[in-house]
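Undergrad: Just dropping this structure here.
The values are calculated or read from the model by the stated rules, or taken from the named source; none is laboratory data. Note that the structure is predicted; figures quoted are calculated from it, not measured. Here the Cβ positions follow ideal geometry from the backbone for every residue, glycine too, while neighbour counts run over all protein chains shown. The area values use the complete protein model at the heavy-atom level, side chains included, leaving out ligands, DNA and RNA. Shrake-Rupley method; radii C 1.70, N 1.55, O 1.52, S 1.80 Å.
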Amino acid sequence: MEKKILNNYGSFDVVFEKGKGSTLWDVNGKKYIDFLSGIGVNCLGHAYKPLVKAISDQAKRQLHISNYYLSDIGLVFADELLAVTGFEKGYFGNSGAEANEAAIKLARKYGYLNGGSKRQTIITLENSFHGRTLATLTATGQSKFHPDCFAPYPAGFKTIRANNYDDIKTAFDDTTAALFVECVQGEGGVNLLDKEWVQAAAKAARDAGAIVMADEVQTGIGRTGTFLASDALGFEPEVVTLAKGIAGGVPMGACLFRGKAADVFVAGDHQSTFAGNPLACAAGCVVVETVSDLNFLDRVSHAGDYIRGTVSGWNFPFVKEVRGRGLMIGIQIDPSINPADIKLRCLEKGLCVTTAGSDVVRFLPPLNISDKEIAEGLAIFKSVLQEFSDGKCGTKA
């Protein structure tokens, strides 16, 4: 396979053929419980009937038109997304990195319009992750994503420590264009932001004349139990970026604006050929209509609480902490055991999970995962942890 497809991902030797709900089958007929959902993309699982129908119906009408024109379904999706999020305007893209690039460009232009060329610094957080382009890599607050082979990196980014009040006392001045935060640091280890701290940081940024932006590529679209994770934190960003689950598996991203950020972009400032194509918008309508339902979001919260509580209750000594919000869950593992080994053993036994940071096993199941699939997945995960506890796999803690 590597000879045909460049293996930038370190992919496993598993070829999936089909899925239904939160269950997958490979080409050999082996069954897997999906606690990964394409890294949070398949928010409604696999072969979700309303999503399949919307995509099929739209494909019969039109797949793509130039952004020199508007599509009927694109206007409907924009209205629905803005209504449920409370934002004024939006830009559609194709991925989280694209959405974050749009946010970075908007922040730079906002800074230029409100302070000249000196106001260009974008402040992000240590252990953050914002994408794989040069600008979003530079914004990412993890040194492992800044190898020398990709240098030089763009200037104008600075990191501070999350939940550290001393850092925000001196971080912001008249050179600051924006504060850019993940509401939960997914790739960095499923690290939670303190509500009071992020509100204080947002206030400090605004007092210095900057705007506040939230990277909700992973936390948005109901993942944490509210439609936007920033809603629960209460810091009301002027810009929010979305992707991952926004169209249920069809590539899409969005950058939403309000308040001081609403009128920064004008025609020609930022464009993308495939952005907001009708197929993705049709899928997005199904996702927004489904996920914005309060009963649906309550189920996400309760399911996440149940999973975290269950894993915490097993009392394996090498499980140091179980944390997260909604169905964005991190299980911190003692350094004596490599989480990648746990991930591989889970896959061998029929459970798809991933890792985060250097010591965390991460769960991102579909938001509509059934109780039965949760139970099956947790049973596999517990059996894997038991093997490590007994010394049958890896290093015994």
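Undergrad: Starting from segment 298-323, keep only residues that are of a type in the set (Gly, Ala, Ser), then list their pairs with residues that are in a strand (DSSP E or B) whose Cβ atoms are within a distance under 6 Å, requiring at least 6 positions of separation or different chains.
TA: Once the first residue is of a type in the set (Gly, Ala, Ser) and sits in segment 298-323, its partners that are in a strand (DSSP E or B) give SER312/VAL322.
Undergrad: Residue check, LEU125 against (1) within 19 Å of ASP269 (Cβ to Cβ); (2) in contact with a strand residue (DSSP E or B) (Cβ under 8 Å, 6 or more places away or on another chain), all met but one. Which one?
TA: (1)
Undergrad: Something else: Return the residues of segment 125-144 that are under 14 Å from ALA97 (Cβ atoms) and surrounded by 19 or more Cβ atoms within 10 Å (Cβ to Cβ); say none if nothing qualifies. It would help to see each step written out before you state the result.
TA: In the first step, residues of segment 125-144 are kept if they are under 14 Å from ALA97 (Cβ atoms); the result is 128-140.
The answer is SER128, PHE129, HIS130, GLY131, ALA135, THR136, LEU137, THR138, ALA139, THR140.
Undergrad: Tell me, yes or no, whether segment 351-371 has at least one residue that is closer than 25 Å to LEU228 by Cα and part of a helix (DSSP H, G or I).
TA: Yes.
Undergrad: Every residue in segment 168-192 that is in contact (Cβ under 8 Å) with a residue 60 or more places away in the chain, in a loop (DSSP other than H, G, I, E, B) and open to solvent by less than 30 Å² (accessible area, probe 1.4 Å), please.
TA: Hits for segment 168-192 are GLY186, GLY188, GLY189, VAL190.
Yes or no, residue by residue, for (1) open to solvent by less than 10 Å² (accessible area, probe 1.4 Å); (2) closer than 12 Å to VAL181 by Cβ; (3) out of contact with any Ser or Thr (no Cβ under 9 Å at 6 or more places or on another chain); (4) modelled with pLDDT under 95:
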{"position": "ARG206", "(1), (2), (3), (4)": "no, no, yes, no"}
{"position": "MET213", "(1), (2), (3), (4)": "yes, yes, no, no"}
{"position": "ARG223", "(1), (2), (3), (4)": "yes, no, yes, no"}
{"position": "VAL239", "(1), (2), (3), (4)": "yes, yes, yes, no"}
{"position": "ALA247", "(1), (2), (3), (4)": "yes, no, yes, no"}
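Undergrad: Can I ask one more? Regarding GLU289, is this residue under 22 Å from the mean Cα position of the chain (by Cα) and in a strand (DSSP E or B)? Before you say what the answer is, go through the steps one by one.
TA: Values: under 22 Å from the mean Cα position of the chain (by Cα): yes; in a strand (DSSP E or B): no.
Here the answer is no, as GLU289 does not meet what is asked.
Undergrad: Still on this structure, please answer the following. Of the numbered conditions (1) of a type outside the set (S, T, N, Q); (2) open to solvent by less than 50 Å² (accessible area, probe 1.4 Å); (3) over 22 Å from ILE39 (Cα atoms), ALA155 satisfies every one except a single condition; which is it?
TA: The failed condition is (2).
Undergrad: Out of everything in segment 293-337 that is in a loop (DSSP other than H, G, I, E, B) and open to solvent by 30 Å² or more (accessible area, probe 1.4 Å), what residue ends up being farthest from GLN386 (Cα to Cα)? Quick ask: steps written out before the conclusion?
TA: The initial filter retains those residues of segment 293-337 that are in a loop (DSSP other than H, G, I, E, B), namely 293, 314-318, 326-327, 334-337.
If we keep only those that are open to solvent by 30 Å² or more (accessible area, probe 1.4 Å) as well, we get 293, 314-315, 317, 334-336.
Working: ASP293: 38, TRP314: 10, ASN315: 11, PRO317: 11, ASP334: 14, PRO335: 17, SER336: 15 Å.
Checked segment 293-337; the qualifying residue farthest from GLN386 (Cα to Cα) is ASP293.
Undergrad: Right, something else. Based on what the data block shows, is LEU106 out of contact with any Pro (no Cβ under 9 Å at 6 or more places or on another chain) and assigned to a strand (DSSP E or B)? Talk me through it step by step, then tell me what you get.
TA: Details: out of contact with any Pro (no Cβ under 9 Å at 6 or more places or on another chain): yes; assigned to a strand (DSSP E or B): no.
No: the conditions fail for LEU106.
Undergrad: Then there is this: On the given criteria, is ASP359 surrounded by fewer than 16 Cβ atoms within 10 Å (Cβ to Cβ) and out of contact with any Leu (no Cβ under 7 Å at 6 or more places or on another chain)?
TA: Details: surrounded by fewer than 16 Cβ atoms within 10 Å (Cβ to Cβ): no; out of contact with any Leu (no Cβ under 7 Å at 6 or more places or on another chain): yes.
No: the conditions fail for ASP359.
Undergrad: So, one more: When you scan segment 7-29, do you find a residue that is of a type outside the set (A, V, I, L, M), crowded, with 22+ Cβ neighbours inside 10 Å, assigned to a helix (DSSP H, G or I) and in contact (Cβ under 8 Å) with a residue 12 or more places away in the chain, even just one?
TA: Within segment 7-29, not a single residue is of a type outside the set (A, V, I, L, M), crowded, with 22+ Cβ neighbours inside 10 Å, assigned to a helix (DSSP H, G or I) and in contact (Cβ under 8 Å) with a residue 12 or more places away in the chain.
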